[in-house]
Amino acid sequence: MMASSYNAKEEDGNHPGAANHAGAGVVKSKKPDNTAFKQQRLPAWQPILTAGTVLPAFFVIGLIFIPIGIGLYVTSNNIKEFEIDYTGADINNPCYNCAKNFSWNSTTQCVCSVPFTLEQPFESNVFMYYGLSNFYQNHRRYVKSRDDSQLNGDRSALKSPSKECEPYRTSEGQPIAPCGAIANSLFNDTLELYHIDSNGSRNEIPLVKKGIAWWTDKHVKFRNPGGNDNLTVAFQGTSKPVNWRKPVFDLDPEDPDNNGFINEDFIVWMRTAALPTFRKLYRIIQKKSSTTPTLPSGKYVLNITYNYPVLSFDGRKRMILSTISWMGGKNPFLGIAYITVGSICFFLGVVLLIIHHKYDTRNNSADIPN
């Protein structure tokens with residue numbers, strides 16, 4: 001009994017030593033303050049789902065989503081696209097010999113020509129893409145294999161690249177610029193487009209190579225070391241990527257504003273794709289006259305300088321010509337998704353309405369059946 005009394009006094013803070021331990025002799029309670037927030041008495045709204053509130057919501061969502069989906073789907077289908085596979089896997093493909101006899105050590109470049117016909121003219125600006133299949137740019141090790149500081153023009157990173165770039169960090173004792181697996185696998189096929197007129201002569205279609213990269217990439221994320229002047233000196237003491245035919249400062253010798261790390265073809269490639277089948281913007285064919293189409297219907301020839309092998313990993317290569325709309329490129333999925341969701345909501349609304357009218361036999365009696 002005495003022990004119990006003693007312990008009780010200690011808990012109450014009445015023990016002579018309690019004042020010393022508590023400072024002022026007042027025991028601090030762990031009980032939360034008596035406020036609306038700490039006692040969870042804040043006002044709240046708890047909706048009660050009834051047929052009168054749920055059924056109109058289903059019908060409204062359906063009536064809104066279905067027209068939007070139809071509009072998006074029709075807009076996407078109005079976008080014209082034309083696609084050519086020039087992988088060369090088939091013996092009947094004009095690029096078969098180039099693909100079969102490709103060699104990294106070859107001093108000569110293989111050129112193949114693929115004729116095709118446009119049945120319908122392409123109005124407004126036309127965008128030329130190259131497409132790759134079975135190429136996994138989303139692989140974790142591949143995505144990390146780069147040095148953003150080096151690509152931003154940091155001189156220290158230029159001479160000492162990040163270890164994430166291994167095994168494409170150094171070559172022959174010199175740092176690689178740009179380093180990493182992404183840069184090393186840069187797409188480097190050259191595509192040229194010709195229109196065959198009624199006389200059988202070839203007329204080259206001018207392809208614009210500026211304006212294909214994001215503005216933020218071109219002017220913020222990618223910078224040449226020491227500015228754009230004399231890139232040969234700026235990249236002195238570095239080595240080109242293993243699979244490149246020429247160094248980074250010679251990607252576009254005709255245009256200093258599109259050379260080195262700020263080369264737009266290089267910038268477009270460095271923005272990795274999320275799926276193994278993807279396309280990237282290659283060139284823009286600008287409309288010259290409001291009275292004539294950008295690409296009239298007729299015969300064309302695509303000239304390819306075959307520098308990029310894909311047969312080793314069962315890949316495919318494509319050239320795509322496409323127009324765009326206010327919603328961007330051709331993408332029927334968004335319209336189909338809106339139509340599907342709207343149709344499901346409308347269908348569920350009808351089903352629930354029938355069930356509500358057929359089986360709503362509730363009475364107002366408070367009697368509970370046994």
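The values are calculated or read from the model by the stated rules, or taken from the named source; none is laboratory data. Computed from a predicted model, the values in this text were never measured in an experiment. When we count neighbours, we look across all protein chains shown, and the Cβ atoms used for this are built from the backbone with ideal geometry, even at glycine. All accessible areas refer to the heavy atoms of the entire protein, side chains included, with ligands and DNA or RNA removed. Shrake-Rupley method; radii C 1.70, N 1.55, O 1.52, S 1.80 Å.
Just a few scattered comments:
- Only residues that are exposed (fewer than 12 other Cβ atoms within 10 Å of the Cβ) and out of contact with any Phe, Trp or Tyr (no Cβ under 8 Å at 6 or more places or on another chain) were counted across segment 228-244, and they come to 4.
- Only listed residue being open to solvent by 60 Å² or more (accessible area, probe 1.4 Å), of a type in the set (D, E, K, R) and in contact with a Gly (Cβ under 8 Å, 6 or more places away or on another chain), chosen from GLU119, GLU83: GLU83
- Residue within segment 205-215 that is open to solvent by 40 Å² or more (accessible area, probe 1.4 Å), within 17 Å of MET128 (Cβ to Cβ) and in contact with a helix residue (DSSP H, G or I) (Cβ under 7 Å, 6 or more places away or on another chain) present: yes
- Among (1) buried (at least 18 other Cβ atoms within 10 Å of the Cβ); (2) assigned to a strand (DSSP E or B); (3) among the hydrophobic types (A, V, I, L, M, F, W, C), the one test that VAL301 misses: (1)
- Pairs, first assigned to a loop (DSSP other than H, G, I, E, B) in segment 92-120, second loosely packed, with under 11 Cβ neighbours inside 10 Å and modelled with pLDDT of 95 or more, C-beta under 6 Å, six or more apart: none
Yes/no per residue for (1) over 24 Å from GLY315 (Cβ atoms); (2) in a loop (DSSP other than H, G, I, E, B):
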| site | (1), (2) |
| --- | --- |
| PRO178 | no, yes |
| PHE187 | no, yes |
| LEU191 | no, no |
| TYR194 | yes, no |
| SER198 | yes, yes |
| PRO206 | yes, yes |
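- Single match in ASN101, ASN77, ASN97 (criterion: closer than 30 Å to THR277 by Cβ, under 37 Å from the mean Cα position of the chain (by Cα), at pLDDT below 90 and open to solvent by 70 Å² or more (accessible area, probe 1.4 Å)): ASN101
- Test for TRP269: is it more than 16 Å from the chain's Cα centre (by Cα) and assigned by the TED database to the domain that holds TYR142: no
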